[in-house]
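The values are calculated or read from the model by the stated rules, or taken from the named source; none is laboratory data. Note that the coordinates shown come from a computational prediction; the quantities given were computed from them, not determined experimentally. Cβ sites come from the backbone with ideal geometry, for glycine too, and all protein chains shown count toward neighbours. Heavy atoms of the whole protein, side chains included, go into the accessibility calculation; ligands, DNA and RNA do not. Shrake-Rupley method; radii C 1.70, N 1.55, O 1.52, S 1.80 Å.
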Amino acid sequence: MALEHRLDTDSFAKKIYSDSIDEYIRMQHMSEISARDLSTFPVAYFLPHHAVLKPDSTTTKLRVVFDASCASTSGVSLNEALMVGTVEEDITSITLRFRLRKYAMTADIEKMYGMIKMHPTDHPLQYIAWREDSTKPLRMFMLTTVTFGTVLGHALPEEIGGG
């Protein structure tokens, strides 16, 4: 695995990456699954993931990035197979509302996507493989919350090779 090789050559990045994965588990954004769990669902998608390192950043030196735009074995990516929904309102409506009231407030929600739980039937579309060390067995996890980088929507199983 290219990620393992890259992390094996940079102990600083490896520590931060492992800590990030552990945080996903602690915050219940993902949970470990067994090989038997894999056969429960007719369609599964393993999200590739990698590190984006920004040593000069004052907040996040390393970020785990899940690539839902990567094509599956059927040639279609998860993002291409999702029916896209809209969470945000159009900018005109938002701007006009600022003029209707005397006060306005904005906020930045930390780990916002991690606060949105996925429907359990969609969990098999967000599997990942991970191990902290190449000498340990490969472990499989399913992400249980909306993953940053995926379009918000519901999957069409026939589009990614199932059903």
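Here the accessible area of region 1-134 is 56 percent carbon and sulfur, with a 1.4 angstrom probe and all protein chains present.
Distance between the pseudo-spin-label points of Arg63 and Thr95 (7 Å out from Cα toward the beta carbon): 2.6 nm. Computing Rg and Dmax of the Cα atoms in Å directly from the structure and comparing it against (1) 18.3, 61; (2) 16.5, 51; (3) 18.7, 63 singles out (1).
Where only DSSP H runs of four or more residues are counted, the chain gives -7000 deg cm²/dmol as its mean residue ellipticity at 222 nm, each run worth -39500 (n - 2.57). Which of Met118, Met140, Met105 ends up with the largest GNM mean-square fluctuation for the chain, with Cα atoms connected below 10 Å? Of Met118, Met140, Met105, the most mobile in the Gaussian network model is Met105. Taking GluC sites (Glu not before Pro) across region 48-152, the ones in a DSSP loop with at most 10 further Cβ atoms lying within 10 angstrom of their Cβ are Glu88, Glu89, Glu110. Protein heavy-atom accessible surface, 1.4 Å probe, per residue over the chain: 66 Å².
Under a straight-distance cross-link criterion of Cα-Cα below 29 Å, which lysines are reachable from Lys61, leaving out those fewer than 8 residues away in the same chain? Here the lysines satisfying the reach criterion relative to Lys61 are Lys14, Lys15, Lys111, Lys117, Lys136. Working from Cα positions, state the angle (0 to 90°, nearest 10) between the long axis of helix 91-100 and the longest principal axis of the chain. For 91-100 against the chain, the angle is about 40 degrees. DSSP loop (so not H, G, I, E, B), at most 13 other Cβ within 10 Å: list which chymotrypsin sites (Phe, Trp or Tyr not before Pro) in region 94-131 pass both filters. Here the sparse-neighbourhood loop sites are Tyr103.
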